[in-house]
Structure formats: structure tokens, C-alpha cells
1. With the Cα gyration tensor of the stretch 3-148 in hand, convert its eigenvalues to equivalent ellipsoid semi-axes via √(5λ) and list them largest first in whole Å.
2. Helix 45-61 versus the longest principal axis of the chain: what is the Cα-based angle in degrees, 0 to 90, to the nearest 10?
3. Can you work out ³J(HN,Hα) from phi for every residue in the stretch 281-291, in order, using Karplus 6.51 cos²θ - 1.76 cosθ + 1.60 and θ = phi - 60°, giving whole Hz and x for Gly and Pro?
4. Sequence gap at least 6, Cα distance under 8 Å: using those rules, report the relative contact order of the stretch 74-230 to the nearest whole percent.
5. Tell me the GluC sites (Glu not before Pro) within the stretch 108-162 that lie in a loop according to DSSP and have at most 15 other beta-carbon atoms within 10 Å.
6. Could you state the angle between the C-alpha long axis of helix 222-233 and the longest principal axis of the C-alpha atoms of the chain, as a value from 0 to 90 degrees rounded to the nearest 10?
7. Hey, can you find the accessible area per residue of the chain for me, probe 1.4 Å, expressed in square angstrom?
8. Give a quick list of trypsin sites (Lys or Arg not before Pro) in the stretch 83-152 that DSSP marks as loop, anything other than H, G, I, E or B, with at most 15 other Cβ atoms within 10 Å.
Amino acid sequence: MNTCFLGIDTSNYTTSIAVVDLNGHVLFDKRIVLTVKPGEIGLRQSDAFYQHVMNLPGIFFELPQDLIQNIAAIGVSCRPRNVEGSYMPVFNAGVQFAKVIAKSLNCPLYHYAHQDGHVMAALEPDLEVKQLKLLNLHVSGGTTELFTSQWSEVHHYFETHIIGGSKDLSIGQLIDRIGVYLNFPFPSGPAMEKHLMSHAAALQLQEKYLPLKLDNGFFNLSGIENKIKQLHEKGIHQDILMLALFTELGEMLYKLLNQAIKTEKPDGLILAGGVMSNHWIRQALQRLANGYPNLKFIMTPTKLCTDNAVGIAKMAARRPAER
């Protein structure tokens with residue numbers, strides 16, 4: 001009996017392949033961040049697609065032969081979310097590669113949403129999700145959404161309902177735009193955080209700098225970029241502006257989740273997405289664990305916050321056991 005499950009994810013900025021065992025424990029996890037030219041703030045879908053096509057064989061060839069021989073099923077991300085009309089061409093690179101591998105190995109291929117992969121990656125292998133009502137905050141370069149989810153035994157994916165989030169820019173986009181403006185490389189979040197960690201001890205915020213406001217669970221971010229540029233032009237140091245950005249975003253997300261927990265009364269809270277690796281945002285949201293001791297508080301491990309195929313592989317591993 002084959003006991004390994006392969007996951008493939010080709011998001012807008014990362015090529016990922018992972019393998020887990022029947023219990024969801026990670027056996028292989030390799031990612032390649034796509035190349036963005038200096039000064040640019042993103043990739044065209046066609047450019048991202050091409051890089052994925054070039055990256056996938058190289059990662060797959062790194063798989064040990066004993067894992068390849070024991071692959072029982074393959075999971076691949078084929079769309080951003082599990083809603084009608086959710087589509088990005090870049091995911092087709094992974095889908096087409098997965099079809100070839102599945103045919104070659106004569107094993108089943110399952111299609112999933114990229115967002116479900118983030119949710120599943122956050123969950124411990126032995127956590128039973130079938131009966132849990134989950135509240136999820138997914139914050140990344142492409143998404144800033146607050147949604148409820150419940151595992152569907154019929155469809156074998158999370159059925160979701162959006163209840164909040166950004167109406168325009170994602171938080172990741174905002175951070176990247178500001179980072180590039182301040183001459184940090186793209187994607188900018190990690191470089192900004194690393195720089196700030198070495199200077200933050202000497203910094204103090206004297207006021208609230210950014211007009212971040214919640215409106216029934218939703219918010220707008222497009223004006224924040226212009227506000228920071230205005231403050232920078234007035235002479236406010238970039239380190240102060242970055243600290244204000246991270247800490248004030250963290251406080252806004254804390255308020256957002258605090259309200260949602262009281263309204264939705266979920267069994268568990270999952271915090272996922274690349275931006276969730278940020279020190280200041282994690283610090284702000286960690287307070288929720290103390291405020292709601294009966295809530296299953298799941299903050300995705302930092303290494304699994306960024307785009308990866310681990311969650312996709314873990315969902316494939318659940319399928320045989322649920323037939």
C-alpha cells in the first residue's frame with residue numbers, strides 16, 4: 001500500500017512541491033520564490049506561468065525515489081478560492097504538471113483551492129476538523145479575507161463564507177508597494193522586518209499615524225499608501241513609518257478578529273498567509289489566545305505562512321481515508 005501524498009502549488013510568487021505521509025506529517029517541502037525585477041511590484045501572469053514551468057521539473061527531480069514510488073495520490077491547487085468564478089491562469093502550470101505525474105504514476109489527482117491549502121497547512125495532523133466551525137484570517141500578497149469555514153465530507157474541501165477583509169488592496173500588496181517605495185526588494189515584507197528588527201528598540205511611536213478604520217468587518221487600504229508617502233515627504237523617518245504600518249495593521253486586525261469571535265462564536269481561529277509571519281502582527285494577534293481561553297487558537301508556524309504545497313498534500317492524504 002502506497003502511503004505518500006504529493007502536493008503541488010503554483011501561486012503568483014512561489015513554486016511549491018510537498019510530500020506528506022498518511023497522517024499528514026511532512027516528508028518533503030521545497031519552494032522556489034519567483035524572480036521579480038528590481039523596482040517592480042509584481043509579475044504578469046504569463047511571466048509567473050513561465051517561471052513555474054521551468055521550476056517544477058527541477059523540484060520534482062529532487063524527490064527521493066522511495067517517496068516517488070510510494071505516492072498514493074496527488075493534490076494540486078487549481079484556483080485561488082472555492083467560489084464560482086475564482087480563477088488565475090498561473091495555477092494551470094501546476095495543474096498540467098500534476099496531470100503528467102498522475103498519469104505516469106497511475107494515481108488519482110485531486111484539485112483544490114489555494115486558500116484551502118493555507119487553512120490545512122495550519123492544522124496539526126491529528127486535529128479532527130469535520131465538526132469544527134473555523135474562523136479564518138488569510139493575509140497574504142494576494143488576499144486579505146476574514147471567513148468562516150467548515151470541512152465538507154461530501155466535497156472534501158472547506159466550504160467558506162467571507163465576513164470581512166479588505167475591499168481593495170491586500171495587506172501584502174500594501175506592504176510591498178510601500179517597501180518598494182522605500183527601496184526594499186520585492187517582496188518587501190521580510191526585508192522590511194529584518195531591517196526594523198535591528199532598529200526597533202530605539203523607536204517609539206508618538207501618535208497614531210495611519211487612518212485605518214473598520215466598517216462592519218471590512219476596510220480600505222488604498223489611501224494608506226498615499227498617507228505614508230505624504231508623511232515620508234514631510235520628514236518622518238522611514239523606520240517610524242514601517243513600525244507604524246506593522247503595529248497599526250496588527251491592532252486593526254486584532255479589533256477585527258475580536259469582533260468576529262464574539263459574533264460568530266467559532267470553535268477555532270486560524271491565522272494564515274504570508275503576512276502572518278510578521279513579528280509585530282503576530283504579537284498583536286497572540287493576545288487573542290489569552291482573551292479567549294476556550295477557543296482553539298491556531299497561528300500558522302512561520303515556515304508555513306508563506307505559499308507552500310504542504311496543505312494541498314495534506315488534503316490529498318485525507319481522501320483515501322474518507323471514502
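1. Working: eigenvalues 108, 97, 37 Å².
Value: 23, 22, 14 Å, ordered largest first.
2. Helix 45-61 and the main axis of the chain meet at about 50 degrees.
3. Along the stretch 281-291, the couplings run 6, 4, 4, 5, 7, 4, 4, 5, 5, 6, x Hz.
4. Values: 211 pairs, mean separation 25.0, N = 157.
In percent, rounded to a whole number, it is 16.
5. Working: sites: 128, 145, 153, 159; in loops: 128, 153.
Here the GluC sites (Glu not before Pro) that fit, given the DSSP loop and packing criteria, are 128, 153.
6. In the chain, helix 222-233 runs at an angle near 50 degrees to the longest axis.
7. Values: 14760 Å² over 323 residues.
So the chain comes to 46 Å² accessible per residue, rounded to a whole number.
8. Working: sites: 99, 103, 130, 133; in loops: 130, 133.
In loop regions of the stretch 83-152 (DSSP not H, G, I, E or B), the sparsely surrounded trypsin sites (Lys or Arg not before Pro) are 130, 133.
The values are calculated or read from the model by the stated rules, or taken from the named source; none is laboratory data. What you see is a predicted model, and the numbers here were worked out from it, not measured in a lab. Note that we place each Cβ from the backbone using ideal geometry, even for glycine, and neighbour counts take in every protein chain shown. The accessibility values were calculated without ligands, DNA or RNA, using every heavy atom of the protein model including side chains. Shrake-Rupley method; radii C 1.70, N 1.55, O 1.52, S 1.80 Å.
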